[in-house]
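Let me begin by presenting the structure, written as structure tokens, before commenting on it.
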2 protein chains.
Amino acid sequence: MFLHVDPDNGLAIYDQIVRQIKFAVATGALPPGEMAPSVRELARELAVNLNTVSKAYQQLQVEGVLESVRGMGLAVAAGALKQCRAERVKLVQERLREVLWEARQSGLDLDEVQKLIAAEMPAIDKKLAAKLKGK
Amino acid sequence: MFLHVDPDNGLAIYDQIVRQIKFAVATGALPPGEMAPSVRELARELAVNLNTVSKAYQQLQVEGVLESVRGMGLAVAAGALKQCRAERVKLVQERLREVLWEARQSGLDLDEVQKLIAAEMPAIDKKLAAKLKGK
DNA sequence: CTCCGTGTCATAGACGACTATGACAGTATG
DNA sequence: CATACTGTCATAGTCGTCTATGACACGGAG
């Protein structure tokens, strides 16, 4: 699968799962109508407890991203693609705002912050390319 | 004082205190030789428990940023300025890397990420200016 | 010396996140 | 029908963070 969680990332594991499922829907990796990985499968794959995945899926159901198909599992809802595309910007923006604020607060001026961002970008792209290739 | 903590920021409160003290030292707001605010004063100011501040100060002592002055309190160590200036870049860089990674992973391309950053910057600067003015 | 402020330590409790198990009702598949 | 899979629920335990409270030794100021 295309998911990966980090236990000590600040964000709770179930929250990371929620975000990444939304991202997968937004990018089209998980098209509407397709079944999401089962709670047991995903739990095993992420080396995480079953209930943690279940908690993430419950939240995704409440938000309308996933729909229960009785006896089959959870499917990506019809309107989820549009919804997730709109939401991912906000999700990223919120975290970005926090970090930028801390960066400026730390005494780094605008140029230095932009240099840091520019310096990180190549490594990020490289990592992303490796991930897509690996899949 | 120049510190402010957010209980649900992902980062633990004592960690936020550690980081911000380091930033204050790095920017010169807390010069070497000066006394850090007492645990009780800072705890009251941040509306946080005494032990939480104490935990942050203990870590700062271990890392050599603060030094105990018996009967007086904790003072900024001599070499702390240089040390904190070098470290703040790493502290910011680590968080920045995480967020940039998530942004790219969410399916946003490079241009969109940079647009988001550019869009946030003015608000950040405005907030920073307001903070400096308020002080 | 007395009073006050300093940091430090120990104990206990609340809370959220996560794990570990077991059990249940559904449905697809054979 | 039986098996295997699905999500869901309940319980209990661990762990880290934070809070609440009390106590201690130390040094400055009066």
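Structure above, values below:
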{"item": "Residue list for the stretch A:92-135, restricted to those being outside any helix (DSSP H, G or I), open to solvent by 30 Å² or more (accessible area, probe 1.4 Å) and facing chain B (nearest Cβ under 7 Å)", "result": "A:107"}
{"item": "Counted residues, the stretch A:19-51 - those being in a helix (DSSP H, G or I) and either within 15 Å of the chain's Cα centre (by Cα) or away from DNA strand C (no atom under 15 Å from the Cβ) (or both)", "result": "11"}
{"item": "First in the stretch B:83-105 and closer than 24 Å to residue A:7 by Cβ, second anywhere and among the hydroxyl-bearing types (Ser, Thr, Tyr) and open to solvent by less than 60 Å² (accessible area, probe 1.4 Å), Cβ under 6 Å, 6 or more apart", "result": "B:92/A:106"}
{"item": "Residue, most open to solvent (accessible area, probe 1.4 Å), within the stretch A:64-86, restricted to residues that are more than 10 Å from chain B (Cβ to nearest Cβ) and within 30 Å of residue B:121 (Cβ to Cβ)", "result": "A:82"}
{"item": "Count - residues of the stretch B:21-50 that are touching a Gly at 6+ places or on another chain (Cβ under 9 Å) and either touching a residue at least 24 places away in the same chain (Cβ under 8 Å) or within 15 Å of DNA strand D (Cβ to nearest atom) (or both)", "result": "10"}
{"item": "Residue B:18 being open to solvent by less than 10 Å² (accessible area, probe 1.4 Å), under 21 Å from residue B:92 (Cβ atoms), within 13 Å of DNA strand D (Cβ to nearest atom) and in contact (Cβ under 8 Å) with a residue 12 or more places away in the chain", "result": "yes"}
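The values are calculated or read from the model by the stated rules, or taken from the named source; none is laboratory data. Predicted, not measured: the structure shown is a model, and the values here were computed from it. Backbone-built Cβ (ideal geometry, glycine too); neighbour counts: all protein chains shown. We work out accessible area using only protein heavy atoms, side chains counted, and drop any ligands, DNA or RNA first. Shrake-Rupley method; radii C 1.70, N 1.55, O 1.52, S 1.80 Å.
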